[in-house]
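All remarks here apply to the structure that follows.
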Amino acid sequence: MIIHSMTQKLSPTARRDKAARDKAFAMTPARKAKKAHAERLKRQNPKQSENKDYDHKDQRYESAAQNRGNDGKGTKSESNNNYKTN
């Protein structure tokens, strides 16, 4: 059985630097608002949201792969966009 790792192969210094950048991005006001909004919706619709991520652009639940891959278009074209959070 072959197990593939999805993690990047980074040096310890690069790994720490990336963790700090990721944490800083996750704690921005826009990201906090999106996380809180998605969590509120998940509590309201537990069956609908089961094993899915909330897509703020399309304002619906999608599989994690579809949401994180920008509906098959990749993520570069999506950067710096602001989506509605209620």
Filtered residues of segment 32-56 (kept if more than 21 Å from residue 22 (Cα to Cα) and open to solvent by 40 Å² or more (accessible area, probe 1.4 Å)): 40, 42, 43, 44, 45, 46, 47, 48, 50, 51, 52
Test: residue 22 is at pLDDT 90 or above, in a helix (DSSP H, G or I) and within 12 Å of the chain's Cα centre (by Cα): yes
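The values are calculated or read from the model by the stated rules, or taken from the named source; none is laboratory data. No experiment lies behind these values; they were computed from the predicted model shown. Just so you know, the surface numbers come from the protein's heavy atoms only, side chains and all, with ligands and any DNA or RNA stripped out. Shrake-Rupley method; radii C 1.70, N 1.55, O 1.52, S 1.80 Å.
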